[in-house]
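S.K.: Following this message is one structure expressed as structure tokens.
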Amino acid sequence: MMRDFSNGTAVVTGAASGMGLAFAERFAAEGMNVVLADIETDALRAAVLRLEQQERNVVGIEVNTMRRESVESLRDQAIDRFGNIHVLCNNAGVVSSEDGGSRDLWEIPDSTWDWVLGVNFYGVLYGIQAFLPHMIEHGEPGHVVNTSSVGGIIAGSGAYSVSKHGVLSLSEGLYLDLRSIDSSISASVLCPGLVNTNLLNAERNRPDHFGGPAQPTQEDYAAEMGLHAAMDPGNVASQVWDAIVNDTFYILPHPGFDEMVKDRVDRILSRGAPAPLDFEDLARRREAGELV
Ligand SMILES: NC(=O)c1ccc[n+]([C@@H]2O[C@H](COP(=O)([O-])OP(=O)(O)OC[C@H]3O[C@@H](n4cnc5c(N)ncnc54)[C@H](O)[C@@H]3O)[C@@H](O)[C@H]2O)c1
């Protein structure tokens, strides 16, 4: 049975850009009140203004999901504004130009581990810790969507991969724990392949005390990864909305990555070893339109 959240309230982190913005647009178009939360205040203001001009019920709240007290303050402000929260998307995330892929594991700076795990993993954990007691207590149906990645299922190297594997595990645990108490809240984990967003320019939001935004992500890296020709965030938002109303746990918008996921499981079950990412094959398949 489809669940109806159209009169409810959603909170989306990382909502000033990319997928988070697409989720906010979709939820608002479905009639929900939407709290857009982000660390990048100018982009947040512009996004909220645009949605207000379309007469959507939205509010923008600045948050740094790396900080527990900031996420708790987001919860309090969201409840003050709209009342009970029904949908929570722990979506804010970053990649670093100093991470695995460009460096060997033992050469990644501590500031990069702290920043990437701080936003991608702890941000999701703080979201769960801050919002779940409220969502469980109000007793109305609800749903949590955590943004992991295909990189959270296949073998990879570096802080991004570790953080996204962590989000997958956290989400599975959340789902099972909610089921074990027969809660009216459920959960999903989103594991996209490549999506056309500003993610590869994430260094723009690295705080000074985590090494600062010293190294903007190179344009050629963005081009190499083919993000600009990747899946439209609105397409991902549709799949997320469907998963929320139909209560589907694993959201894998890119079937083109299924073989890589299967290969990883096969390698584990054959007591073998991990395979390196084949960037040439990925580029070829992207050109052939197999990854969108
Ligand atoms: N784009 C892809 O190909 C892809 C693939 C798999 C997973 N993801 C994941 O999707 C999520 C959304 O990223 P996107 O691709 O839309 O990128 P994006 O850069 O367009 O959007 C991410 C948003 O998160 C915000 N943010 C960064 N640090 C924050 C912090 N400390 N507190 C609050 N907000 C913060 C940014 O300001 C930005 O608005 C991320 O978790 C990312 O890891 C992206």
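S.K.: Among 169, 111, which comes first, second and so on when ranked by fewest other beta-carbon atoms within 10 Å?
M.R.: Working: 169 14, 111 17.
Starting with the residue having the fewest Cβ neighbours, the order is 169, 111.
S.K.: Classify segment 82-196 from the C-alpha gyration tensor, please: rounded if a/c falls under 1.5, else prolate or oblate depending on whether a/b exceeds b/c. Could you put the intermediate results ahead of the total?
M.R.: Values: a/c = 2.56, a/b = 2.23, b/c = 1.15.
Prolate shape, in that a/c is at least 1.5 and a/b is the bigger ratio.
S.K.: How much length would be gained if the chain were fully extended between residue 1 and residue 184, taking 0.36 nm per residue of separation minus their Cα-Cα distance, in nm to one decimal? Spell out each step's value before the answer.
M.R.: Values: separation 183, 0.36 × 183 = 65.88 nm, distance 1.36 nm.
Taking residue 1 through residue 184 to full extension adds about 64.5 nm, to one decimal.
S.K.: How many nm is it between the label spots at residue 45 and residue 208, if each spot is 7 Å from the Cα in line with the beta carbon?
M.R.: Going by the 7 Å Cα→Cβ label model, 2.0 nm.
S.K.: Further, regarding this structure: For residue 73, what charge total do you get from the other residues with a beta carbon under 13 Å from its beta carbon, if Lys and Arg give +1 and Asp and Glu give -1?
M.R.: On the way: positive: 67, 68, 75, 81; negative: 62, 69, 72, 76, 80.
With Lys, Arg at +1 and Asp, Glu at -1, the net is -1.
S.K.: Using only Cα atoms, locate the centre of segment 100-170 and the centre of segment 1-47, then give the distance between them in Å, rounded to an integer.
M.R.: The two parts, judged by their Cα centres, are 19 Å apart.
S.K.: Right, here's the next one. Among 31-44, 196-209, how do they line up from the highest to the lowest mean number of other beta-carbon atoms within 10 Å?
M.R.: On the way: 31-44: 21.8, 196-209: 18.4.
Answer by packing, highest mean first, reads 31-44, 196-209.
S.K.: Please work out how much length the chain gains when fully extended from residue 72 to residue 55, using 0.36 nm per residue of separation minus the C-alpha to C-alpha distance, in nm with one decimal.
M.R.: Details: separation 17, 0.36 × 17 = 6.12 nm, distance 2.77 nm.
3.3 nm is the gain from fully extending residue 72 to residue 55.
S.K.: Stretch residue 280-residue 252 to full length: gain in nm at 0.36 nm per residue minus the Cα-Cα span?
M.R.: Values: separation 28, 0.36 × 28 = 10.08 nm, distance 2.24 nm.
So the extension gain works out to 7.8 nm.
S.K.: Then there is this: So how far apart, in nm, are the two label points at residue 263 and residue 81 if each is 7 Å from Cα heading toward Cβ?
M.R.: 4.4 nm
S.K.: If you don't mind, there's one more thing I want to ask. Once you list every other residue whose beta carbon is under 14 Å from the beta carbon of residue 132, what net charge do they have if Lys and Arg are +1 and Asp and Glu are -1?
M.R.: Result for the neighbourhood of residue 132: -1.
S.K.: Quick check on segment 25-96: take the gyration tensor over C-alpha atoms, sort the square-rooted eigenvalues as a ≥ b ≥ c, and tell me if it's rounded (a/c under 1.5), prolate or oblate. Working shown, then result.
M.R.: Working: a/c = 1.74, a/b = 1.26, b/c = 1.38.
In terms of gyration-tensor shape, oblate.
S.K.: Then there's this: Taking R0 as 51 Å, what FRET efficiency do you get between residue 273 and residue 177 from their Cβ-Cβ distance, rounded to the nearest 0.05? Numbers along the way, then the final one.
M.R.: Numbers: r = 33 Å, r/R0 = 0.65.
FRET efficiency, residue 273 to residue 177: 0.95.
S.K.: Quick one: net charge of residue 256's neighbours, Cβ under 9 Å, K/R +1, D/E -1? Please report the intermediate quantities before stating the final value.
M.R.: Values: positive: 285, 286; negative: 258, 259, 290.
Neighbour charge sum, excluding residue 256 itself: -1.
No lab work stands behind these numbers, since they all come straight from the coordinates. Everything quoted here is computed from the prediction, not taken from an experiment. Note that we place each Cβ from the backbone using ideal geometry, even for glycine, and neighbour counts take in every protein chain shown.
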